[in-house]
Amino acid sequence: MEFKQKTIGVLSSGGDAPGMNAAIRSVVRTALNRNIRVLGIRRGYSGLLARDMFEMNLRSVSDTLHRGGTILYSARCPEFRDDKGVERGKEVCLEMGIDGLVVIGGDGSFRGARDLSLKGIPCIGIPGTIDNDIASSDYTVGFDTAVNTVMDMVDKLRDTSQSHDRCSIVEVMGRRCGDIALHAGIACGAVAILVPEVPFSIDSIIEKMQRTLRTGKKHFIIIVAEGVTSVGGVGTVHDIAEEIEARTGVESRATVLGHVQRGGAPSARERVLASEMGYHAVELLEQGIGNRVVVNHDNKIVDYDILEALQMKKQFDRHLYDIADAISI
Ligand code: ADP
Ligand code: F6P
C-alpha cells in the first residue's frame, strides 16, 4: 500500500493576539517532528478559499516566538459564515491534500472550524484573542500580554494624573467581555472598573470619589471596558470625563488605548500556554480527531467538542471585581 504523508494546515483568524506566533511555531515543529507536512495558510479562512498557502519547514518559524502579531496574517472572512463558503473550504482542503486544520482564533473562528469538521475535515481550535472571552478556556492566548500592555500604559498615565491631581478615564478593549478591564483595573489600582457584566451608576462612582477625596486622595484612575461605552448608554469615555469633572471638581481626561493593546511581544505566560496548546492540537490531528478546541482549564490543557465549548457560558469573576472595589479606596 502506498504511504501517504499526512498534511495539516494552520491559520490564524479574527482579531490578532500576541502569542499566535508561539502557537503556530509549536504546531509546525510538533507536526514536523512527527513527519507531518504543514501548510501555513495566510489570512485565515480568506486565504484558505484563495489557496494562499505555503509549505512550512523548521526554519519558517525561527525568530517568531517573541514577536507579536501573526506571521500568517489574520482576516475576517464573511463568505465562511455560510454553507457555500465552508463547502468551498472543504473542496480546497481536499484539493490541497489537507487532512486536518488548526484554527487559532476566537468563537467566530471556532464556528467555522466546527462547520468544516462536520464536512469531514478535522479541525482543532486554539483560543487566540486578547479579550479572554472564550467560555471554555480559563485563559486565551493574548490576554495576559494585553493586560500587561494596559498596565504599562496606565502606569504612565498615573504619573501625569498624579502631577496634575487629575482623574484619568481609560477605555480598554473587550467587545463583550470585561476581563481586560477587570485585571488591568486591579493591577493599576483603579478607583472604579466599568464592565458590561456588572451594572453600575455614575452617581456611585462620583460618591466614591468624593468619599476618597475627603480622606486625602487626589488623583484617580477609572478603567472602562469598550463594551460599556458602546452599549451601556453612558456615552463615550470623553462624556464620562466631562460629567466627572463637572460633578467632582477633579480635572479629568479620557484616553482610548485602542489597538496598541493587540500588539507587542507576548509575555512568558502566553508563550508557554500557546506552545502547550499547539502541541496538543497536533496530537489530536495525528490521531485523526477533529471538531475539538484545546483549552486551559484549572491549569491543565484539555480539549472539548467545539459545539459543547461554544455553548458554555463565560463566568465573570465577580469576587475579583468586589476585591478591586473594596481595596481601591
Ligand atoms: P473571532 O474568531 O475573533 O471571534 P470573528 O467573529 O470575526 O472573530 O470570526 C472570525 C472568522 O470566523 C469570520 O471572519 C468568519 O470567517 C468565521 N466565522 C465567524 N462566524 C462564523 C459562523 N457562524 N460560521 C462559520 N464561520 C464563522
Ligand atoms: O476581539 C479582539 C478585539 O480587539 C476586540 O477587543 C475589539 O473590539 C475588536 O477586536 C476590534 O476589532 P478590529 O480589529 O476590527 O478593530
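The values are calculated or read from the model by the stated rules, or taken from the named source; none is laboratory data. Note that the coordinates shown come from a computational prediction; the quantities given were computed from them, not determined experimentally. Virtual Cβ from ideal backbone geometry, glycine too; neighbours counted across all protein chains shown. We work out accessible area using only protein heavy atoms, side chains counted, and drop any ligands, DNA or RNA first. Shrake-Rupley method; radii C 1.70, N 1.55, O 1.52, S 1.80 Å.
Quick look at the values:
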{"read-out": "Separation in nanometres of the label points that stand 7 Å from Cα toward Cβ, at Arg76 and Ala187", "value": "2.6"}
{"read-out": "Residue-span extension gain [Ile301 to Thr64] - 0.36 nm each, minus C-alpha spacing", "value": "83.1 nm"}
{"read-out": "Segments 62-73, 19-30 sorted - mean Cβ within 10 Å per residue, highest first", "value": "19-30, 62-73"}
{"read-out": "Cleavage-rule hits (GluC sites (Glu not before Pro)) in region 67-130: DSSP loop, at most 13 neighbouring Cβ within 10 angstrom", "value": "none"}
{"read-out": "Of the DSSP H helices in the chain, those whose Cα atoms cover at least 15 Å axially and whose Kyte score averages -1.0 or more", "value": "20-33, 83-96, 107-118, 143-164, 202-214, 237-248, 268-286"}
{"read-out": "Sum of side-chain charges, Leu11 neighbourhood, beta-carbon under 11 Å (Lys, Arg +1; Asp, Glu -1)", "value": "+1"}
{"read-out": "Most positive-pole-ward Cα, Val154, Gly142, Cys123, against dipole of region 92-227 from beta carbon charges", "value": "Val154"}
{"read-out": "Cα-projected label distance for Lys314 with Asp152, points at 7 Å along beta-carbon direction, nm", "value": "2.4"}
{"read-out": "DSSP beta bridge pairing in the chain, given as percent antiparallel to the nearest 5", "value": "25"}
{"read-out": "Sulfur and carbon atoms: percent of accessible area, region 143-262 [1.4 Å]", "value": "49"}
{"read-out": "Spacing of the two label points (7 Å from each Cα toward its C-beta) at Asp165 and Ile327, in nm", "value": "2.8"}
{"read-out": "Span per principal axis, largest first, for the Cα atoms of the chain (Å)", "value": "83, 37, 34"}
{"read-out": "Full-stretch length increase - Lys218, Ser201 - with 0.36 nm per residue and alpha-carbon distance subtracted", "value": "4.0 nm"}
{"read-out": "For region 4-41 and region 299-323, distance of Cα centres in Å", "value": "25"}
{"read-out": "Sulfur and carbon atoms: percent of accessible area, region 1-119 [1.4 Å]", "value": "47"}
{"read-out": "Candidate residues Leu157, Leu116: accessible-area rank, largest first, probe 1.4 Å", "value": "Leu157, Leu116"}
{"read-out": "For the chain, accessible area per residue (1.4 Å probe, heavy atoms of protein chains only), Å²", "value": "44"}
{"read-out": "Selection of chymotrypsin sites (Phe, Trp or Tyr not before Pro), region 226-329, meeting DSSP coil and at most 16 other Cβ within 10 Å", "value": "Phe316"}
{"read-out": "For region 131-168 versus region 218-282, the gap between their alpha-carbon centres in whole angstrom", "value": "6"}
{"read-out": "Surrounding net charge for Val224, when Lys and Arg each add one and Asp and Glu each subtract one, Cβ distance under 12 Å", "value": "-3"}
{"read-out": "Neighbour net charge for Ala31 - beta-carbon separation under 12 angstrom, K R +1, D E -1", "value": "+1"}
{"read-out": "Net charge dipole size for the chain [Lys, Arg +1 and Asp, Glu -1 on Cβ; Debye, nearest 20]", "value": "600"}
{"read-out": "Tensor-based shape of region 143-262 (alpha-carbon gyration tensor, a/c under 1.5 rounded, otherwise prolate or oblate)", "value": "oblate"}
